[in-house]
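Below you'll find the structure, written out as structure tokens, and then a few comments.
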Amino acid sequence: MAVIVIVGAQWGDEGKGKIVDVLTEKADGVARYQGGHNAGHTVVINNEKFILHIIPSGILHKGKACIIGNGVVVDPSSLIEEIDGLRKRGIEVGKNLFLSKNAHLIMPYHVAIEKEQERLKGSKKIGTTGKGIGPAYVDKIARTGIRAGDLLYPEIFREKLKTNLSGINHLLKAIYNASGFDADAIYREYMGYAEKLSEYIADTDIIINKMIDENKNILFEGAQGTLLDVDHGTYPYVTSSNAGAGGACTGLGVGPTKITRVIGVVKAYTTRVGEGPFPTEIKDSLGEKIREKGGEYGATTGRPRRCGWLDMVVLRHSIRINGLSGIVITKLDILDGLEKIKICTAYRYNGRLYEEFPKELNVFEKCEPVYEEVSGWKENTSGIKDFEKLPKTAQEYIKNIERILGVNVEIISSGQKRDELIMLKEPF
Ligand code: IMP
């Protein structure tokens, strides 16, 4: 049995969806531990594209337990839309889906507050997905959140909503000069959601721990990436949850001693959506070329992703923070045809060399990347399933990554489809 955390090692969009989908074949269940429908996990099966926002990518396999943990923030209308969309396409969603009673709900006022906050920040805005994620987590920490379990108790739900709105409507009017919300209308809307979601609401911590006790194979699926983690990322340009592996314990109710391995998913280059410093960003036409070839547009918002070279300073930080026992390299084929490839091995700032990720944003945003330049390859690598069949320089690129980071590459993804990968070590 194994309990494996799959975590994004960069700024998200590393291709975790496909990896979780592939590994689900040997798993009994998949549990998502943080974030919300700000995430977009893309999986391609037989040329059919699925984008999952909150339901674990494991849902695309029959009969696997799919759990939305307490650490996730849930927009009920978006979850219902996702369930309906999957069902329409013939995917089973029923007794295989569980939603934690303790998962906090995203409310309409969270979206409104976020919009106003971003507007007021002007050029200092975070560039959020606009889904109400941050304000929902603020309410959770402030102990004013409404949880999925409250949907099962209409009177308690109504009471909490009324109390919250009395403060929030005042804030929206007085501070943001925006209109407030009607408690009855939200109550009716959410009771409609309750009817559709109550069958999934469960004590997910008990379900997961029972599966562990029964020696089942389980995947814990992270959303976003380590550099977007609210504690360990490029704060304040982060999301509002613990996207790193640490979030799996609190976000699911599982003790650290139960986790057997942590695998980091690393894109062969780097991307970032939204604002915030990005030392290896390629600002010329090559960045645009990579964006087009890699389809680097947000799966949730459609925003163009900023593209850059692989950054070892970021990855060293990720390995440490997550305790990575192995890595998966994705989208290697996007680098096909490049004559030279750059790998950032350190940063330079104010005459000092930084091999480790600087914690101060004011330093990080001024860091210049120090590059090692390696030869690229002309050949097409998409769909290759055997490491030895990769061009020699592509093999060296992978070995270079292992050498610099001191962590083994276990899987290389060479395309969007399930079978387009090189399995160097079976995780289960
Ligand atoms: P929020 O999560 O909507 O609050 O956005 C905060 C930051 O995280 C912004 O820079 C977003 O672009 C980024 N972000 C949120 N979700 C994702 C994701 O799934 N992939 C990549 N970036 C994300």
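Placing a label point 7 Å from the Cα of residue 399 along the Cα-to-Cβ direction, the residues of region 349-393 whose backbone N falls under 14 Å of that point are 375, 387-393. Only Cα sites of region 240-301 enter the Debye sum here, all with the same form factor; the resulting log10 I(q)/I(0) across q = 0.16, 0.19, 0.20 1/Å is -0.75, -0.89, -0.93, listed in q order. Relative to the longest principal axis of the Cα atoms of the chain, the long axis of helix 108-121 lies at roughly 50 degrees.
If R₀ is 22 angstrom, what is the calculated FRET efficiency for the pair residue 428 and residue 203, using the beta carbon separation as r and rounding to 0.05? E between residue 428 and residue 203, to the nearest 0.05, is 0.25. Ordering 126, 105, 191 by Cα displacement along the dipole of the chain toward the positive end leaves 126 in first place; charges were set at the Cβ atoms of Lys, Arg (+1) and Asp, Glu (-1).
Overall shape of region 104-197 was characterised from the C-alpha gyration tensor. The equivalent ellipsoid obtained from it has semi-axes of 24, 14, 11 Å, in decreasing order. Report the local net charge at residue 110: Lys and Arg +1, Asp and Glu -1, summed over other residues whose C-beta lies under 13 Å from its C-beta. Neighbour charge sum, excluding residue 110 itself: -2.
Is the C-alpha gyration tensor of region 69-108 telling us rounded, prolate or oblate? Criteria: a/c under 1.5 is rounded; beyond that, a/b larger than b/c is prolate, otherwise oblate. Judged from the Cα gyration tensor, region 69-108 comes out oblate (a/c at least 1.5, b/c at or above a/b). When you restrict to C-alpha pairs under 8 Å that are six or more residues apart and normalise by the size of the chain, the relative contact order lands at 20 percent.
For region 202-326, the calculated P(r), taken from all Cα-Cα distances in 5 Å bins from zero up to the bin holding the longest distance, is 2, 9, 18, 20, 17, 13, 9, 7, 4, 1, 0 percent. When Rg and the Kirkwood radius Rh are both evaluated on Cα atoms of region 182-228, their ratio Rg/Rh stands at 1.20. Taking each of 18/378; 210/425; 216/359 in turn, the alpha-carbon distance tops 32 angstrom for 216/359. FRET efficiency for the residue 215 to residue 162 pair, using the beta carbon distance and R₀ = 56 Å, is estimated at 0.75. Beta bridges per DSSP, both residues in the chain: antiparallel share near 40 percent.
Taking every alpha-carbon pair within the chain, the share separated by more than 31 Å comes to 39 percent. Work out the FRET efficiency for residue 231 and residue 78 from their Cβ-Cβ distance, taking R0 = 30 Å, and round it to the nearest 0.05. Computed FRET efficiency for residue 231 and residue 78: 0.70. The eigenvalues of the Cα gyration tensor, multiplied by 5 and square-rooted, give region 80-136 an equivalent ellipsoid with semi-axes of 32, 14, 8 Å from largest to smallest.
Helix-only arithmetic for the chain: the sum of -39500 (n - 2.57) across DSSP H runs with n ≥ 4, divided by the residue total, places the mean residue ellipticity at 222 nm at -10000 deg cm²/dmol. Pairs of C-alpha atoms in region 380-428 farther apart than 15 Å represent 45 percent of all such pairs.
Coordinate-derived values only; no laboratory data. Source: prediction; values computed, not measured. Glycine also receives a Cβ, built like all others from the backbone with ideal geometry; neighbour counts cover every protein chain displayed.
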